[in-house]
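The values are calculated or read from the model by the stated rules, or taken from the named source; none is laboratory data. No experiment lies behind these values; they were computed from the predicted model shown. Counting neighbours? That spans all protein chains shown, and the Cβs are built from the backbone with ideal geometry, glycine included.
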Amino acid sequence: MQSIGFVMCWCIVGRGNRHMKAEEFSKGILSLDPKIRFAGLIERSGHLFAGGEREGLEEHLKGRDAELSLSQSAFIITMRNVFSPELGDLKYVVYAHDKVKLFSIPLMEYILAFSAESSINEVEMLKKISDYIKSVGPQLTLHPPSNILDEDKKEILKNLYESGMEEESIADQLDLDLNTVKNWVKQI
């Protein structure tokens, strides 16, 4: 069995008292098919807050290129959602490359991003993913890690807020999800 590396954070599943960590959610996505290379949750800003890749595979995108790919996926999802009133809700975006297929699925206020070998069948893969999401609970709620704000960022956030800067601008400035900023502002 191949091991999987993960970014830590929490994912809470609304199913009675059952709680699931986001890395467990991502690992669940990876376990659906051995051809899935990466699974992660990204904020609308493109910031990866939970996820992991299957270890032992050659990375196609490294460092800044991987971050840029996630940011682009978030941007495309945001831009395509502009047409929701006319076209209906966006279900997913798939990029098919020679080496991999990249998937982006809006999931509440976040985006599930995952990649798979180019030989997979997109329709079958999307059905597996959809069934998995449904199986972990229709009340699925996701939260960035509580430790996303270290003491320095908390102080900067507080100073920006007290200076009159809008929460949306603070989120952009600190590369944070708007809900994270709003939750911390309530604590100030």
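Checking each residue in region 77-119 for being outside any loop (DSSP other than H, G, I, E, B), over 27 Å from E55 (Cβ atoms) and touching a residue at least 60 places away in the same chain (Cβ under 8 Å) picks out no residue at all.
Mind checking which residues of region 173-183 are at pLDDT below 80 and not hydroxyl-bearing (S, T, Y)?
Within region 173-183, D175, L176, D177, L178, N179, N183 qualify.
Do the conditions hold for S118, that is, is it at pLDDT below 95 and more than 18 Å from the chain's Cα centre (by Cα)?
Values: at pLDDT below 95: no; more than 18 Å from the chain's Cα centre (by Cα): yes.
No, not satisfied.
If you take the residues of region 28-49 that are part of a helix (DSSP H, G or I) and surrounded by fewer than 18 Cβ atoms within 10 Å (Cβ to Cβ), which of them is modelled with the highest pLDDT?
My answer is S31.
When every residue of region 54-76 is checked against the conditions, at least one turns out to be part of a strand (DSSP E or B) and not aromatic (F, W, Y).
Among the residues making up region 74-117, those that are aromatic (F, W, Y) and closer than 15 Å to L41 by Cα are F75, Y92, F103, Y110, F114.
Tell me whether region 150-161 contains one or more residues that are modelled with pLDDT under 80, surrounded by 18 or more Cβ atoms within 10 Å (Cβ to Cβ) and not in a helix (DSSP H, G or I). For region 150-161, residues modelled with pLDDT under 80, surrounded by 18 or more Cβ atoms within 10 Å (Cβ to Cβ) and not in a helix (DSSP H, G or I): absent.
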